[in-house]
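Below is one structure; the comments refer to it alone.
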């Protein structure tokens, strides 16, 4: 059974309405969301603001397992956000107005699904790293450099430097003084 993120608004005249959801299968309730999201916790307070519409506010916590952008190791992420949206009559909603959703005249409930899905998309950071000094993957052999050395063969010597290699061996290693001091 799919979780429905809607709240009847008939009781708003008596005061705020509070609801809490824990979504263990957020894709079923929210539809298309970023891969790796394991759960979403949502606690919302709805208030009727007269002619301004219905306001829904509350914390959203997203728990996800996503790959590190450098080494692709799984990283546990907890992202906190705040849902703060308005539901107004369609004629009172300007296209592109941020945080405002249309509400049909005479609607008996507010459906939070679209607003929560948007907040979940925005909650996760763009770039996740397992640690700040992550060495990543070798672009040649794919070795995870924090766990194993690169397995790539050394690059072939550039023949244009061959003449200088002779100087290196005659006068000792580069940077070392010769014995003629």
Inter-residue pairs, beta-carbon under 7 Å, first in the same structural domain as residue 53 (by TED's automatic domain parsing) and in region 4-20, second part of a helix (DSSP H, G or I) and loosely packed, with under 13 Cβ neighbours inside 10 Å, 6+ apart: 17/11
Sole residue being in contact (Cβ under 8 Å) with a residue 24 or more places away in the chain and outside any loop (DSSP other than H, G, I, E, B), chosen from 161, 121: 121
Checklist (1) touching a helix residue (DSSP H, G or I) at 6+ places or on another chain (Cβ under 6 Å); (2) in a strand (DSSP E or B); (3) free of Cβ contacts under 8 Å to residues at least 40 places away in the same chain applied to residue 45, failing item: (1)
Among the candidates 96, 142, 106, 166, residue that is at pLDDT below 95, assigned to a loop (DSSP other than H, G, I, E, B) and farther than 30 Å from residue 3 by Cβ: 142
Count of region 48-77 residues which are assigned to a loop (DSSP other than H, G, I, E, B) and either touching a residue at least 60 places away in the same chain (Cβ under 8 Å) or on the phi > 0 side of the Ramachandran plot (or both): 7
Every residue from region 21-31 that is touching a residue at least 40 places away in the same chain (Cβ under 8 Å) and out of contact with any strand residue (DSSP E or B) (no Cβ under 8 Å at 6 or more places or on another chain): 31
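The values are calculated or read from the model by the stated rules, or taken from the named source; none is laboratory data. All figures in this text were calculated on a predicted structure; none of them were measured in a lab. Quick reminder, even Gly has a Cβ in these numbers, built from the backbone with ideal geometry, and neighbours come from all protein chains shown.
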